[in-house]
Structures are given as C-alpha cells and as structure tokens.
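Inspection log for the structure reproduced underneath, given as structure tokens.
The values are calculated or read from the model by the stated rules, or taken from the named source; none is laboratory data. Predicted model only: the values in this text are computed from it and were never measured. Here the Cβ positions follow ideal geometry from the backbone for every residue, glycine too, while neighbour counts run over all protein chains shown.
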Amino acid sequence: MKLAEAECEGFELTIPSKYSELALVRDHITRIGKECGFDDHLIYDIKVAVGEAVANAIEHGSPDGEKSKIKICFDYDEQDLIVKVADAGNFRRAVPGPDEVVNYRGHGILLMLALMDKVTIDESPNGTTVQLTKKRGQSKLPERQRIKFFA
C-alpha cells in the first residue's frame with residue numbers, strides 16, 4: 001500500500017507502524033523544537049499533538065498493521081514549524097459534534113487543535129496526511145501566572 005504524499009524540504013523520518021516508535025518521534029521533536037527556539041512547555045505541547053497524530057496513523061492508517069509505514073516530515077523556517085504525518089489509511093471523522101456524547105476516546109484531533117496553531121487533514125486515495133503548524137517566537141505564560149488561575 002502506498003503512503004499519502006507529503007512533500008518534505010526538511011528532516012524526514014519513516015517509521016514502522018508500531019507504538020514503540022513514538023519515543024523516537026518525541027526525541028526528534030525535542031531536538032527540532034530546541035533548534036526552533038521553543039521553550040520546554042511548547043515542546044511538550046508539540047510532542048503531545050504530534051504523538052496523537054502518529055498514534056492515530058498507527059491505529060487507523062496502517063492497513064497492513066506493523067508492516068505499514070508512517071512518514072513524519074519536519075519543516076521549519078523563520079516563522080513556522082510544520083510537522084506532517086502521512087499514512088496509507090482512510091481518514092475517519094473522530095471529532096465529536098456539539099450534541100454527541102463524548103466518551104473516553106476520540107479526543108486526539110481536539111488535542112491537536114488545542115495545542116497547535118493550525119491543523120489540516122488531507123485525504124487522498126493513497127492515504128491521509130495530517131499537517132500541524134506551530135508559530136515560532138511564542139512562549140507560554142510564566143509558571144506563576146498559569147498557577148494563579150487556580151488560586
């Protein structure tokens with residue numbers, strides 16, 4: 001089965017469709033996040049969002065199970081970090097509507113949308129590509145300001 005097309009000008013990583021590969025993906029996110037100047041909090045957010053996209057590709061986009069491949073592309077410039085996750089599966093709508101009962105599953109896309117600046121999902125006959133964008137030059141609020149909300 002052929003992977004969805006995801007053009008890559010930066011660093012490209014192709015992994016087998018195994019959850020054990022998530023650690024390798026997270027290591028690359030840490031390295032690239034530091035190169036982009038993101039603070040530790042934003043790097044963590046990016047790890048969670050990309051981890052969700054890769055986990056979805058493993059679960060839903062791997063028609064040949066662990067023999068399937070997942071392509072992760074990391075591109076960045078002065079303004080953005082763009083991560084593309086491409087698989088060979090068919091996209092399944094997983095975002096619950098406002099009137100739907102929400103259970104313990106199906107929150108991955110909502111997490112990606114909450115943690116990244118832009119998320120696009122491209123469906124093709126060859127598979128699905130999820131593109132996650134994070135603007136550079138941001139940082140989270142200082143710890144004391146984030147905790148103040150709970151005081």
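Structure notes:
- Test result for L81, within 25 Å of Y19 (Cβ to Cβ), buried (at least 20 other Cβ atoms within 10 Å of the Cβ) and modelled with pLDDT of 90 or more: yes
- From the list I58, I15, the one residue that fits, being among the aliphatic types (A, V, I, L, M) and not in a helix (DSSP H, G or I), is I15.
- Only a single item in (1) of a type outside the set (D, E, K, R); (2) assigned to a helix (DSSP H, G or I); (3) exposed (fewer than 14 other Cβ atoms within 10 Å of the Cβ) is not met by G37, and it is number (2).
- Pairing residues of the stretch 35-49 that are aromatic (F, W, Y) with residues that are surrounded by 20 or more Cβ atoms within 10 Å (Cβ to Cβ) and outside any loop (DSSP other than H, G, I, E, B), at Cβ distances under 8 Å and at least 6 apart in sequence or on separate chains, gives F38/I46; F38/L81; F38/K134.
- Just one of the listed residues (I121, I109, I72) is touching a strand residue (DSSP E or B) at 6+ places or on another chain (Cβ under 9 Å), modelled with pLDDT under 95 and either buried (at least 19 other Cβ atoms within 10 Å of the Cβ) or closer than 16 Å to S17 by Cα (or both), and it is I109.
- Given (1) closer than 18 Å to D64 by Cβ; (2) modelled with pLDDT of 95 or more, index of the condition L24 fails: (1)
- Filter result (among the hydrophobic types (A, V, I, L, M, F, W, C) and at pLDDT 90 or above) within the stretch 7-21: L13, I15
- Of the set (1) at pLDDT below 90; (2) touching a Phe, Trp or Tyr at 6+ places or on another chain (Cβ under 8 Å), all apply to K134 but (1).
- Flag not set for L22, criterion: crowded, with 20+ Cβ neighbours inside 10 Å, in contact with a helix residue (DSSP H, G or I) (Cβ under 9 Å, 6 or more places away or on another chain) and at negative phi.
- Search result, residues across the stretch 47-61 that are polar (S, T, N, Q) and surrounded by fewer than 18 Cβ atoms within 10 Å (Cβ to Cβ): none
- Boolean, A53 is closer than 18 Å to T129 by Cβ and small (G, A, S): yes
- In this structure, D64 does not satisfy being out of contact with any strand residue (DSSP E or B) (no Cβ under 6 Å at 6 or more places or on another chain), of a type in the set (D, E), surrounded by fewer than 14 Cβ atoms within 10 Å (Cβ to Cβ) and free of Cβ contacts under 8 Å to residues at least 60 places away in the same chain.
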